[in-house]
Amino acid sequence: MSAAFVSSEALSRVQPSATIAATQKARELKAKGIDVISLGAGEPDFDTPDHIKDAAIEAIRRGETKYTAVDGIPELKEAICAKFKRDNGLEYKPSQVNVSPGGKPVIYNAFAATLNPGDEVVIPAPYWVSYPDMAVLCGGKPVFAQATAKDGYKLRPEALEKAITPRTKWLILNSPSNPTGAAYTADDLEALAEVLRRHPHVWILTDDMYEYLVYDGFEFATIAQVAPDLYERTLTMNGVSKAYAMTGWRIGYAAGPEALIKAMAKMMSQTTSNPCSISQWAAVAAISGPHDFLAPRNEAFKNRRDMVLGHLRQCDGLTAPTPEGAFYVFPECSGLIGKTSGKGKALNTDADVCDALLEEAYVAAVPGSAFGYAPAFRISYATSDEALQKAGERIAEFCKAAK
């Protein structure tokens, strides 16, 4: 008789990804021939630019198909250092740079290399779904600092102060944000830096994955740039997935104190080892090459954002702040809670709202409760104008039918 499968205690504390679950539900309905519009996935619908693809093909032909240094080839580390200086005014040496197979491993390895049981990670809510579970898997304790729609979903200094304890090891700052699209100005970051100066034991991890995706003249800033005195305890993370439409290439990177970077490389040496060699050469071309494709793509994203907001703001029961960046809108749906959908489903939670939206309007979205904020839901507008127009009309009809 074979042994029964028993999962680890660590795995039992982890929640399945709500974004993947929403996308899977939409796929299942589509497979039945239903015209479902999926607004769940955070993935640009644009293709990887040709000059990046060409660099990858050339790398293959050159034979760049062997193991590389565990945490990145020298050429990519040099390109990342140049990017931080060019775009953020930050000086780093290659020995301060980590390249990982995606943004998630950057964060996970930083936590695995630093967290001890009971150490706390302050996570502003709404948050990206993976932050708390990665902290838990590494022995840490997530502590949530609530932001509100009234404050544009941005963490206020007083909320940060309240969340910090002597056990706090890390603060995560994600700007522009997944799931809300909220982005911190330099003044916003300076106000948070004032709090952090009073707590020198707290390290800061900035997730800047959506740095280039900002609209309406917004000027991106990151905390090590705004508060140079925090440089020595800040890990500045980024990647090529979103702006360059390279989600499948799996390259994330970060820069920070040398000791931390070495510890993260040690973790990688016994887990993933190096990121894909071909993807690394593609990332060199992405980071160092022309960026002229960004402006028209950002204009398209901005127009989509405005289209979605236009629809949502005509819906009874929904309110939505204007996001400064990324490709998400995060409407509150408190006006629908307690009602009944057009086909008789009780709308007691945001999960109920999203289930009914999918089953009755054939629009897939992710409930805000998955991101630590309810009642709300996340819409990704990284899809076609036609799909967004139809989805907006369906959401409006759904809200009108709710009684």
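The values are calculated or read from the model by the stated rules, or taken from the named source; none is laboratory data. Because the structure is a prediction, the values reported are computed rather than measured. All Cβ positions, glycine included, derive from the backbone under ideal geometry; neighbour counts span all protein chains shown. We work out accessible area using only protein heavy atoms, side chains counted, and drop any ligands, DNA or RNA first. Shrake-Rupley method; radii C 1.70, N 1.55, O 1.52, S 1.80 Å.
Annotations for the structure displayed:
- Taking 4.7 Å between C-beta atoms as the pairing limit, the chain has these partnerless cysteines: Cys81, Cys138, Cys276, Cys333, Cys354.
- Calculated SAXS-style log₁₀ I(q)/I(0) at q = 0.11, 0.14, 0.21, 0.23 Å⁻¹ - region 131-223, Debye, Cα scatterers: -0.32, -0.52, -1.15, -1.35
- Charge dipole of the chain about the Cα centre (unit charges at C-beta), most positive-ward option of Tyr244, Ala4, Met209: Ala4
- Euclidean distance between Cα centres, region 322-378 to region 55-126, Å: 35
- Listed pairs Lys154/Lys390; Lys83/Lys150; Lys104/Lys141; Lys154/Lys262; Lys150/Lys403 exceeding 23 Å between Cα atoms: Lys154/Lys390; Lys83/Lys150; Lys154/Lys262; Lys150/Lys403
- Neighbour-limited loop hits for trypsin sites (Lys or Arg not before Pro), region 52-139 (at most 12 other Cβ within 10 Å; DSSP other than H, G, I, E, B): Lys66
- Selection of trypsin sites (Lys or Arg not before Pro), region 319-356, meeting DSSP coil and at most 14 other Cβ within 10 Å: Lys343
- Solvent accessible area, Å² - Thr236, 1.4 Å probe, full protein context: 0
- The chain - percent relative contact order, Cα under 8 Å, separation 6 or more: 22
- Assuming charge only on the beta carbon of Lys and Arg (+1) and of Asp and Glu (-1), the dipole of the chain about its Cα centre is about 860 debye to the nearest 20.
- Placing +1 on the Cβ of every Lys and Arg and -1 on the Cβ of every Asp and Glu, with no other charges, gives region 329-378 a dipole of roughly 60 debye about its Cα centre.
- Rounded to the nearest 500, the helix-only mean residue ellipticity at 222 nm of the chain stands at -12000 deg cm²/dmol, with each DSSP H run of n ≥ 4 adding -39,500 (n - 2.57).
- Neighbour-limited loop hits for GluC sites (Glu not before Pro), region 181-239 (at most 16 other Cβ within 10 Å; DSSP other than H, G, I, E, B): Glu219
- D (Stokes-Einstein, µm²/s), Kirkwood Cα radius, region 216-349, 1.567 mPa s at 4 °C: 68
- Ordering Phe84, Leu115, Pro16 by the projection of their Cα atoms onto the charge dipole of region 1-123, which places +1 on the Cβ of Lys and Arg and -1 on the Cβ of Asp and Glu, puts Pro16 at the extreme positive end.
- Principal axis dimensions, region 19-152 - Cα atoms, whole angstrom, descending: 47, 45, 31
- Taking only protein heavy atoms and a 1.4 Å probe, the accessible area of the chain is 54% carbon and sulfur.
- Compared with the alpha-carbon gap, the fully stretched path from Val6 to Gln270 is longer by 92.6 nm at 0.36 nm per residue.
- Size of the chain as Cα extents on the principal axes (Å, biggest first): 65, 60, 52
- Given the chain, longest segment not containing exposed loop chymotrypsin sites (Phe, Trp or Tyr not before Pro) (DSSP; at most 11 other Cβ within 10 Å): 68-403
- Listed residue (Leu189, Ser177, Leu260) projecting farthest to the positive dipole end of the chain, Cβ model: Leu260
- Region 149-299, accessible area per residue, ligands and nucleic acids excluded (1.4 Å, Å²): 37
- Rounded to two decimals, the Cα radius of gyration of region 99-257 over 2.2 N^0.38 Å is 0.96.
- Region 289-403 - charge dipole about Cα centre, Lys and Arg +1 at Cβ, Asp and Glu -1, debye rounded to 20: 180
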